Amino acid sequence: MLSKEEHKMVELGLTSVEENFDEGVRQALDFLSEIGTAYLNDRKEHEAENAVVSIKAIGKAATMQGMGNAAVNSIRALERILQRSVEQKTENTTISILLSFGTIGKAAAEQQMETVAKLAASVLGKSGNSAALRNEERETIAVAVGLGEIGKSVARLRFPDFSENTANCISCLGDTGKLAAQQKLEDAAVGIELMLEEMAIAAMAENMQSAAGSIADSLEEIGKSAEEEEMENAVFQATSSLQTIMAHAKNRYLNDTSIAAKVALESFNELDIINDEENVRKIEEIRETMRGLWIGSADLKPEIKK
């Protein structure tokens, strides 16, 4: 639970956002990142998570207020805690931080704050690769959720540099997904494929054929890596996502996207694609786990000592 001093700093941060006072926001974020790190040093993970939730709340509020510097500072504050959390192997705090990047990045995308959205996605991409290399599957799944939420938001909006922001999310998801498959983290690979599929649907709704085509390429790469590791669920989901993209593309007369998905599908060995109830059930479980993570992170509020 938040101490009175922490609560006071959270109030300073939120009030400073309302007043567009960057310095007040910075002071609050610095304090919270320092105390969050200190809690981790003392193995007080619940208290550290409270600090993370508080930073997320301030960062999201700053983003909604259009305060770019404050939003960036909130991401940097979370990064400082993340580094210590990874070192301490406090998984729950790490996942909370990763989902917080997604929350701030999604809000930034919706506010058309390109720099903030791109930073959040890039930090998640780097974190995803690191988590996969450390064989931390739940953390990699959390990265997939955060990146996917940002990716869907940027795909629905036409930023001045739309292709750059979209390409960044696709690249980050694709790289982490391929690495997850190579590390035999099948649930994480499937989760990333699911998010790429949702992002492709959002992109096609805006007639963004190049983005959807790039996603098809990423799905092929992840699926082929999964095929090499004999991971049935990940191979099945890669091909299923490609089939979904192809069907949506045909319905919207997006010929380039349809061709890209068809070419990607043809690279798979049909004998390796097993479509049965067990595959479907497992993939739905992963989908529900991801949905639960995202909804659960949105519901988190800092607890205050009375």
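The values are calculated or read from the model by the stated rules, or taken from the named source; none is laboratory data. The shown structure was predicted, so the numbers you read here are calculated from the model rather than taken from an experiment. Cβ placement follows ideal geometry from the backbone for every residue including glycine, while neighbour counts extend to all protein chains displayed. Heads up: the accessible areas ignore ligands, DNA and RNA and are worked out on the full protein's heavy atoms, side chains in. Shrake-Rupley method; radii C 1.70, N 1.55, O 1.52, S 1.80 Å.
Couple of notes before you dig in:
- In the set Leu219, Leu271, Leu254, only one residue is open to solvent by less than 30 Å² (accessible area, probe 1.4 Å), modelled with pLDDT under 90 and either more than 24 Å from the chain's Cα centre (by Cα) or closer than 17 Å to Met195 by Cβ (or both); that residue is Leu254.
- Residue that is under 20 Å from the mean Cα position of the chain (by Cα), modelled with pLDDT of 90 or more, more than 26 Å from Glu229 (Cβ to Cβ) and open to solvent by 70 Å² or more (accessible area, probe 1.4 Å), where the choices are Ile295, Ile259: Ile295
- Where Ser171 falls short, out of the listed (1) surrounded by fewer than 24 Cβ atoms within 10 Å (Cβ to Cβ); (2) under 19 Å from Glu229 (Cβ atoms): (2)
- Residues in segment 1-41 that are outside any helix (DSSP H, G or I) and modelled with pLDDT of 95 or more: 3 in all.
- Candidate set from segment 179-215 (those that are farther than 22 Å from Ala132 by Cβ and not in a helix (DSSP H, G or I)); member that is farthest from the chain's Cα centre (by Cα): Asn207
- Test: residue in segment 121-135 that is out of contact with any helix residue (DSSP H, G or I) (no Cβ under 9 Å at 6 or more places or on another chain) and either of a type outside the set (A, V, I, L, M) or open to solvent by 40 Å² or more (accessible area, probe 1.4 Å) (or both): yes
- Of all residues in segment 1-52, exactly one satisfies the criterion of being in contact with a strand residue (DSSP E or B) (Cβ under 6 Å, 6 or more places away or on another chain) and within 19 Å of Arg84 (Cα to Cα), namely Asn50.
- Given (1) on the phi > 0 side of the Ramachandran plot; (2) open to solvent by less than 40 Å² (accessible area, probe 1.4 Å), index of the condition Lys89 fails: (2)
- Applying a threshold of 6 Å to beta carbon distances and a minimum spacing of six or more residues, or different chains, the list of pairs starting in segment 194-213 at a residue that is modelled with pLDDT under 95 and ending at one that is of a type in the set (S, T, N, Q) and open to solvent by less than 10 Å² (accessible area, probe 1.4 Å) reads Gln209/Thr257; Ala211/Thr166; Ala212/Thr257; Gly213/Thr257.
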